[in-house]
Amino acid sequence: MKAVVLVGGFGTRLRPLTLTAPKQMLPVVDRPMLEHVVGGLARYGVDEVVLSLGYKEDVFREAYPAGECAGVALRYAVEPEPLDTAGAVRFAAEAAAIDETFIVVNGDVFTDLDVAEVWHRHFEVGAEATIALTPVEDPSRYGVVPTDAEGRVSGFVEKPPRGEAPTNWINAGTYVLEPTVLQRIEPGRRVSIERETFPSVVADGGLWAVQSDAYWVDAGTPDTYLQVQLDLIDGVRGPALDGIATESHIDPTARVDRSVVMADASIASGAIVSGSIVCRGALIGEGAVLTDSVVGPRAVIGDGARVTDMTMVGDDQRVEAHSTLAGARVPESS
Ligand code: GDD
Ligand code: MG
């Protein structure tokens, strides 16, 4: 089975971290996000992944020089300019000469949903495209997908205004597509699979869906980027991962609660870190308090600083000693 993994977005909601690395190469506990996603696909028998990308493609190539990720063969399809989700799928499918049923996934989704079930249902109903759905509380951030009792999709509304969604079942970002879908996508321009292609398949009655209430989180926002990591160390999805890298240094008088501390990071004496992510090589100063926040690679939190409420500190940035930041972005302009 071949899968196109979409990883070409700018990751604007995760700035400043995505100013230096594409979203899917940001670390998630012990590996880049992409390895969690590709590893998940491998469990269902995907043996070739076409990475559909553009933004910071060199970061992917440097990380996987042998063209292999999580045991799966990688191929790169580099867009000359961002073509949006459908344009990207067409471009990648052509680059990899895909001419059979294939899988597409959004590269920022952490999920345990059963890809094989979506694949089988696709053939059972003879769909042109089949998408996985997940229930969420606020569907306004997502693609909203009403279906009939058998699962035939009757509409596709991308990011409807709050309170106007026809259902709470949303596009989970995992699709099984027939190659005929590619013909619906005009080449050489930006085309959104959510706003143009799926509505056109719906109009012909060819879009089907499979509902799943398996674990599902889109890690593309600060809150959810933090959440997927805490879920992994809490063991929400299976055996808990250890959030504290062996090559990190935590002073015996510091307190670290329910947090991720990556390799070469240091937590100085008397510091308190809770519900937070401390990336590679970062330093949390003496007596500093870090709560529900993310500190990027090699960033320094000065002594006695208080950094709280989903603050995001970018790579190599410095937060002054004894300063207070709540819900901040450092640097501010990002
Ligand atoms: N190659 C390429 N080119 N990839 C792109 C482009 C592009 O122009 N634009 C976005 N992507 C990639 C992103 O990197 C990401 O992995 C994926 O496509 C989806 O983009 P997001 O920016 O994360 O979209 P979203 O989260 O707002 O909404 C999408 O995902 C939701 C589920 O997580 C939509 O598909 C929604 O319908 C869906 O509910
Ligand atoms: Mg997303």
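Could you compute the FRET efficiency for residue 12 and residue 123, with r as their C-beta to C-beta distance and R0 at 41 Å, rounded to 0.05? My answer for the efficiency is 0.65. Here's how it looks for residue 143: its modeled amide H is under 5 Å from those of 159, 171, which are all 5 or more places away or on a different chain.
Rounded to the nearest angstrom and listed largest first, the equivalent-ellipsoid semi-axes of the stretch 249-330 from its Cα gyration tensor are 15, 13, 12. Close amide-amide hydrogen proximity is noted between residue 260 and 276, 277, 278, each under 5 Å apart and 5 or more residues distant or on a separate chain (H modeled in the peptide plane; Pro and chain starts excluded).
Using only Cα atoms, what is the ratio of the radius of gyration of the stretch 1-148 to 2.2 N^0.38 Å? Numbers along the way, then the final one.
On the way: Rg = 15.3 Å, N = 148, 2.2 N^0.38 = 14.7 Å.
After normalising by residue count via 2.2 N^0.38 Å, the value is 1.04.
Scan the stretch 1-104 for GluC sites (Glu not before Pro) in coil per DSSP, keeping those whose Cβ has at most 11 other Cβ atoms within 10 Å, and list them by number. Qualifying residues, ordered by number: 100. Taken along the Cα-to-beta-carbon direction at a fixed 7 Å, the label points for residue 211 and residue 149 span 1.3 nm.
In this simple spin-label approximation, residue 94 and residue 43 carry label points 7 Å from Cα along the Cα→Cβ vector, and these lie 3.5 nm apart. Kirkwood hydrodynamic radius of the stretch 213-273, from the reciprocal of the average inverse Cα-Cα distance over all distinct pairs: 12.8 Å.
With N counted as the residues of the chain, its alpha-carbon radius of gyration over 2.2 N^0.38 Å works out to 1.04. Straightening the chain between residue 223 and residue 236 buys 3.0 nm, computed as 0.36 nm per residue apart minus the Cα-Cα spacing. The C-alpha atoms of the chain define a longest principal axis, and helix 84-95 lies at about 70 degrees to it. Database remark: amide H of residue 272 closer than 5 angstrom to the amide H of 255, 288, 289, 290 (H placed geometrically; neighbours at sequence offset of 5 or more, or on other chains; Pro and chain starts carry no H).
Taking the longest Cα principal axis of the chain as reference, the axis of helix 115-125 is set at about 20 degrees. Descending by average beta-carbon neighbour count within 10 Å, the peptides 81-93, 143-155 line up as 81-93, 143-155, the highest first.
Quick note: the coordinates plus some simple rules give every number you see, no bench work behind them. Here the structure is a predicted model, which is why all the values come from computation and not from measurement. Because the Cβ atoms are built from the backbone with ideal geometry, glycine has one as well, and the counts that use them run over all protein chains shown.
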